[in-house]
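To start, the structure under review is shown below, and the notes come after it.
The values are calculated or read from the model by the stated rules, or taken from the named source; none is laboratory data. Nothing here was measured: the structure is a model prediction, and the numbers come from that model. Cβ placement follows ideal geometry from the backbone for every residue including glycine, while neighbour counts extend to all protein chains displayed. Note: accessible area is taken over every heavy atom of the protein model, side chains too, but ligands, DNA and RNA are not part of it. Shrake-Rupley method; radii C 1.70, N 1.55, O 1.52, S 1.80 Å.
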Amino acid sequence: MINLNETENLYKAYEKLIDIVGYNNILIDEASRHTYSYDASMIKALPCGVINITSIDLIAEVIKILYEHSIPFTPRCAGTNLTGGATNQKGGFIINLAPCNRIHQIDTTDNIAIVEPGVVNIDLQNELERFGYFYPPDPASQKVSTIGGNIGENAGGPRCLKYGVTLNNVLKLCAVLPDGTEAEFSIDDSGP
């Protein structure tokens, strides 16, 4: 388990991270660490800290630093999953993506919505409803769960019987890989 006070690599990364996200967006106090040590599952793991990402443009920079210093990290939004997927079992950082909650575009011509990972499922549902549309995945936690979490957990809900789970309703992902490289994955790509 990583301990912020004992790890030189962690301290070096911390200094660089402050330059990117700001001092107030890196939480290493006990209360914050405990708050992010669990999700809706029974799994619990104390992270070394929490990095609040306020803009999707910062994600790759933050991950590159963590990768460079061999610090484990786990992306997280609302933490409503039941699998432990939003906990960091290696004691690294939690990267809180919940503040990245913008709906960039709703295109009724091509039937797509472009959203950030922290958009709450019901907020997208409500916005789409204004145009006579809906986003099919409707997990029981949709009032608090986020699109990023829905994707990470392949959420379903009652409508998945007719329209499929999240996997069946995502056309393209712009992602940051574990080394900080940015990549796009599309339904039109070859392979699985």
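Things to note:
- Once C-alpha pairs closer than 8 Å and six or more residues apart are averaged by separation and normalised to the residue number of the stretch 68-188, the relative contact order reads 19 percent.
- Amide H partners (placed H, <5 Å) of ASN81, local residues excluded: ALA40
- The fraction of accessible area contributed by carbon and sulfur in the stretch 1-116 is 50 percent, rounded to a whole number (1.4 Å probe; ligands and nucleic acids excluded).
- Carbon/sulfur fraction of accessible area - the stretch 131-192, other protein chains in place, 1.4 Å, %: 59
- Its DSSP H runs of at least 4 residues, each contributing -39,500 (n - 2.57), put the calculated 222 nm mean residue ellipticity of the chain at -7000 deg cm²/dmol, to the nearest 500.
- Within the stretch 45-85: backbone nitrogen closer than 18 Å to the HIS34 label point (7 Å, Cα to C-beta): 45-50
- Under Stokes-Einstein, with the Kirkwood radius over Cα pairs as Rh, the value for the chain at 4 °C and 1.567 mPa s is 74 µm²/s.
- Dimensions in Å of the stretch 3-83 - Rg and Dmax from alpha carbons: 12.7, 35
- Remark: the stretch 86-184 carries 55 Å² of accessible area per residue (probe radius 1.4 Å; ligands, DNA and RNA excluded).
- Among residues other than ILE122 with Cβ under 13 Å from its Cβ, the summed charge is -3 (Lys and Arg +1, Asp and Glu -1).
- Above-threshold pairs, the threshold being 20 Å between Cα atoms, out of LYS64/LYS90; LYS12/LYS44; LYS143/LYS172; LYS12/LYS64: LYS12/LYS44; LYS143/LYS172
- Each part reduced to its alpha carbon centroid, the stretch 98-151 and the stretch 48-87 end up 21 Å apart.
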